[in-house]
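Taking it in order: structure first as structure tokens, then the write-up.
The values are calculated or read from the model by the stated rules, or taken from the named source; none is laboratory data. Values in this document were obtained by computation on a predicted structure and should not be read as measured data. Neighbour counts are summed over all protein chains in view; Cβ atoms, including those assigned to glycine, are modelled from backbone coordinates with ideal geometry. Only protein heavy atoms, including side chains, enter the accessible area calculation; ligands, DNA and RNA are left aside. Shrake-Rupley method; radii C 1.70, N 1.55, O 1.52, S 1.80 Å.
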Amino acid sequence: MAIAALAGPTVTQEAPRKKSRIALVLLLPGIFYLVLFFIVPFISLVITSLQVPSETNFGQFDTAFNWQTYVDVVGQYSTQILRSFFFALLATVFALLFSYPLAYFIGVKARRWPLLQGLMLVLVIAPFFISFLLRTLAWKQILSDEGFVVSALKALSVLGPQDHITGTPVAVVFGLTYNFIPFMCLPLYTTLERLDVRYLEASNDLYAGPFATFRKVTIPLSLPGIVSGTLLTFIPAAGDYVNASSEFLGGSSSTMMGNVIQSNFLVQLNYPAAAALSIILMAIILVIVSAYVRRSGTDDLL
Amino acid sequence: MVAGSFAEAGADLELVGLHKRFPGFTAIDDLSLTVPAGSFFALLGPSGCGKTTTLRLVAGLEEPTSGQVLIGGKDVTGMKPFQRPVNTVFQSYALFPHMTVIENVAFGLRRRKVGDPVGKAHEALRLVELDHLAARKPLQLSGGQQQRVALARAVVNRPALLLLDEPLGALDLKLRRQMQLELKTIQTEVGLTFVHVTHDQEEAMTMADTVAVMNKGAIEQMGAPEELYELPKTVFVANFLGQSNLFTGPVVESTADTIAVDIAGTRIVVPNSRAQVHTGTVTVGVRPEKLSLLMENPVAVAGQNVIGPGRVIDVSFSGVSTQYIVEVPRLGSMVCFAQNMVFGPVANLGAQVWLSWMVDHGFGLADVAEQAGAKQIGTAEDLTALDSEAVV
């Protein structure tokens with residue numbers, strides 16, 4: 001302030017520059033964080049993905065420009081890549097189908113009973129209080145061959161005597177859906193909670209029945225919630241390696257990209273392949289997400 | 001309404017013994033009325049009197065606790081809003097924010113599968129002079145423009161019955177006047193039945209053929225605007241519709257044509273035909289513009305009521321007229337409007353004046369002012385908030 005006062009007539013011109021300097025100072029920690037923990041690791045990842053095995057030191061890798069690794073991993077793991085996105089898509093669709101009515105009830109129907117609204121929100125968020133690893137393990141127990149679910153389904157002849165649930169794609173998609181429901185539910189709830197029911201009344205007044213009103217008014221007005229919910233579910237689900245791991249709900253027939261990356265990094269110690277797969281995963285998600293956001297209308301999302 | 005067809009003309013609306021109770025209070029208490037086809041009907045009342053609830057009951061957005069709603073002679077009480085031949089211009093406009101103006105207007109036509117919805121929507125927008133903004137989103141329009149789009153969106157469906165819920169509330173005075181005229185023109189042109197809810201007495205009187213004054217969930221008085229203004233039947237109507245000078249006292253003389261009421265020693269005469277009650281304690285009144293302000297005590301003339309002397313305690317100039325408040329001992333303060341026939345006020349502050357009016361201009365009310373004065377008026381905000389919640 002003292003300096004500004006001394007500056008005299010130029011004060012008004014100085015003001016905006018001072019403001020931008022403050023903005024820069026405030027941004028600095030964020031920029032520093034992003035550079036250190038995103039840009040640098042990302043460059044390192046790109047470099048690793050292009051490395052070749054060292055000819056002199058076994059187990060070491062030399063810097064090179066070997067883009068052939070990308071071609072190799074896509075050829076080798078195309079099944080797992082496609083499966084990852086298919087599973088993520090299924091989990092997103094199921095989570096949406098399950099969460100929308102739930103979020104609609106909490107956000108719109110339960111407005112008259114704030115207590116019920118609060119209680120139901122707590123129930124949606126409560127699972128976060130327990131590690132998702134533990135919850136997924138619990139599901140492994142529940143769905144295990146000795147568990148009551150399998151025995152009951154076998155008794156009803158839905159499952160054959162040799163069938164399992166754990167280790168199958170069904171269990172993995174179930175696990176993904178279950179784990180991501182809160183991520184779908186909360187953004188949906190926030191948009192539906194703000195939904196002005198007077199629009200629904202107007203639609204009703206203009207000859208639209210319940211179904212037409214839902215399709216023409218409710219869904220478009222809750223689109224921001226649908227878009228952020230599906231993104232929050234699809235992106236992490238596509239790269240998830242816990243549910244599909246054989247230690248949890250998965251098996252050899254349900255391996256996803258995350259598991260392949262994990263095994264390349266930690267078991268096979270094939271760092272270039274793992275790095276290349278990671279970059280491919282990131283790139284595909286980026287393409288899908290930007291196409292999706294563009295189609296559903298960015299102005300609604302922002 | 002049959003899909004793809006327009007109503008040939010407005011339909012009449014009949015409400016039979018309508019009750020609507022919300023937890024804790026009664027919004028509509030035994031309401032019965034008939035609105036003839038093709039008329040412009042105004043429901044006028046203070047905030048919270050149940051007029052919006054009445055409209056929502058007609059639109060089907062609210063279910064009556066008991067009673068019936070008939071449109072064109074057909075009982076629609078059990079019908080859903082989208083099945084009723086009714087459209088509403090909402091107080092909040094409720095234009096769909098995700099659709100363009102033209103899509104908003106075409107919405108109802110599309111739902112009913114009317115041919116050429118976009119063409120008809122453009123036609124409706126031309127009627128409200130907004131066709132050039134058809135491609136905009138509602139939030140890009142001003143309040144007045146949004147209001148006109150809301151009107152076009154309802155009128156385009158040619159409903160047998162058009163409900164207007166304080167649609168001009170958000171407009172400034174000039175635009176309000178203009179929209180009032182446009183509404184009236186549209187109503188006459190397309191021959192629809194309009195039911196207009198408002199708390200603005202001037203709006204109700206200028207636009208409607210019939211005005212019903214509502215208070216506490218029931219209709220106090222219904223009739224042509226002039227009739228309601230010149231001959232109010234209750235204290236509420238006398239005070240809500242314009243201003244009134246009211247006096248309460250016992251009837252001391254009764255002839256074949258008139259009754260005379262004693263008000264703290266002053267006799268006020270009212271024609272029998274204009275008094276609702278002829279014996280006991282009655283409240284009589286006169287409109288402020290019917291009063292003449294006199295600077296000296298006039299010679300008693302038959303057919304004139306004179307009170308005074310009183311003292312002018314307030315003079316406020318409003319262009320075409322001047323409002324005087326005259327304090328008359330034992331009678332209280334009276335309001336008098338005088339046309340500005342000369343420059344400046346005719347009586348100055350503190351001047352001693354007499355007030356006179358023709359006996360034929362007075363009226364006698366059915367209820368007594370002191371009791372009626374205790375009536376409390378609820379708040380509309382509570383009611384509307386409850387309304388929108390209750391629909392969910």
Unsatisfied cross-links (Cα-Cα over 26 Å) in the set A:LYS109/B:LYS113; B:LYS20/B:LYS120; B:LYS184/B:LYS216; B:LYS51/B:LYS120; A:LYS216/B:LYS216; B:LYS74/B:LYS113: A:LYS109/B:LYS113; B:LYS20/B:LYS120; B:LYS184/B:LYS216; B:LYS51/B:LYS120; A:LYS216/B:LYS216
Find the Cα radius of gyration of the range B:243-373, compare it with 2.2 N^0.38 Å by division, and give the number to two decimals. 1.05
What Kirkwood hydrodynamic radius do you get for the protein assembly as shown when you take the inverse of the mean 1/r over all pairs of distinct Cα atoms, in Å? 32.1
Kirkwood Rh and Cα-based Rg: tell me the resulting Rg over Rh for the range B:114-172, rounded to two decimals. 0.97
Everything considered on the Cα gyration tensor (a ≥ b ≥ c; rounded for a/c under 1.5, else prolate if a/b is larger than b/c, else oblate), the range B:1-92 must be described as prolate
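Roll a 1.4 angstrom probe over the protein heavy atoms and tell me the percent of accessible area of chain A that is carbon or sulfur.
Looking at chain A in its full context, I get 71 percent from C and S.
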Reduced to Cα centres, the span from the range B:304-354 to the range A:84-126 in Å works out to 68
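Restricting to Cα atoms and excluding each atom paired with itself, what does the Kirkwood estimate give for the range A:114-250 in Å?
Kirkwood hydrodynamic radius for the range A:114-250: 17.6 Å.
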Cross-link partners of A:LYS154 among lysines (Cα-Cα below 29 Å; sequence separation of 8 or more within a chain): A:LYS140
Normalised per residue, the volume of the convex hull around the Cα set of the range A:227-269 (Å³): 69
Once both labels are modelled 7 Å past Cα along the beta-carbon direction, what's the A:HIS164-A:ILE43 spacing in nm? 4.6
In vacuo Debye scattering of the range A:173-288, one point per C-alpha: log10 I(q)/I(0) at q = 0.17 Å⁻¹? -0.87
Quick one: among A:TYR77, A:TYR33, A:TYR100, which has the greatest mean-square fluctuation in a GNM of chain A with alpha-carbon springs under 10 angstrom? A:TYR33
Classify chain A: rounded, prolate or oblate, from the alpha-carbon gyration tensor (a ≥ b ≥ c, eigenvalue square roots; a/c under 1.5 rounded; otherwise prolate if a/b is larger than b/c)? oblate
Calculate the dipole size of the protein assembly as shown relative to its Cα centre from +1 charges on Lys and Arg beta carbons and -1 charges on Asp and Glu beta carbons; express the result in debye to the nearest 20. 1400
Could you state the number of Å between the C-alpha centres of the range B:187-208 and the range B:226-272? 29
Among A:GLY160, A:PRO182, A:SER253, the residue whose Cα sits farthest towards the positive end of the charge dipole of chain A, when +1 is placed on the Cβ of each Lys and Arg and -1 on the Cβ of each Asp and Glu, is A:PRO182
Residue by residue, what Karplus-based ³J(HN,Hα) values in Hz, rounded to whole numbers, does the range A:102-113 have, using 6.51, -1.76 and 1.60 with θ = phi - 60° and x for Gly and Pro? 4, 5, 5, 4, 5, x, 10, 5, 8, 4, 6, 10
Tell me the Rg and the Dmax, in Å, that the Cα atoms of chain B produce. 24.4, 75
Can you return the lysines within cross-link range of B:LYS290? Criterion is Cα-Cα under 20 Å, with same-chain partners fewer than 8 residues away left out. B:LYS233
Taking H placed 1.01 Å from N in the peptide plane, check which residues at least 5 places from B:SER39 or on another chain put their amide H under 5 Å from its amide H. B:PHE194
Given the options B:TYR229, A:GLY107, A:PHE234, identify the residue whose Cα lies farthest towards the positive end of the charge dipole of the protein assembly as shown (+1 on Cβ of Lys, Arg; -1 on Cβ of Asp, Glu). A:PHE234
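First check a/c for the range B:13-216, with a ≥ b ≥ c the square roots of the eigenvalues of its C-alpha gyration tensor; if it is under 1.5, answer rounded, and if not, answer prolate when a/b is larger than b/c or oblate otherwise.
prolate
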Got the relative contact order for the range B:13-216 handy, in percent, Cα pairs under 8 Å and 6 or more residues apart? 31
With B:ALA59 itself left out, Lys, Arg at +1 and Asp, Glu at -1 over residues whose Cβ is under 10 Å from its Cβ give -2
Could you run the Karplus curve 6.51 cos²θ - 1.76 cosθ + 1.60 with θ = phi - 60° over the range B:34-46 and give me ³J(HN,Hα) per residue in whole Hz, x for Gly and Pro? 10, 10, x, 4, x, 9, 9, 10, 10, 9, 10, x, x
In 10 Å bins starting at 0, how do the alpha-carbon pair distances of the range A:133-213 split up by percent? 15, 28, 18, 17, 19, 3
Here the relative contact order (percent) of the range B:161-309, from C-alpha pairs under 8 Å and at least 6 apart, is 14
Taking H as built 1.01 Å from N, whose amide H comes closer than 5 Å to the amide H of B:GLN221, not counting residues under 5 places away? B:VAL213
Net length gained if the chain between B:SER316 and B:SER47 were fully extended (0.36 nm per residue, minus Cα distance): 94.1 nm
Express the relative contact order of chain B as a whole percentage, based on alpha carbon pairs under 8 Å and six or more residues apart in sequence. 17
One would report the antiparallel percent of DSSP beta bridges in the protein assembly as shown, rounded to the nearest 5, as 75
Give a residue-ordered list of calculated ³J(HN,Hα) values for the range A:186-199 (Karplus: 6.51 cos²θ - 1.76 cosθ + 1.60, θ = phi - 60°; whole Hz; x for Gly, Pro). 5, x, 4, 4, 4, 6, 5, 5, 8, 4, 7, 5, 5, 5
Selection from B:ILE307, B:GLY249, B:GLN201 lying farthest towards where the dipole of chain B points positive, charges on Cβ: B:GLN201
In a shell of Cβ-Cβ distance under 12 Å around B:GLY350, excluding B:GLY350 itself, what net charge do Lys and Arg (+1) and Asp and Glu (-1) give? -1
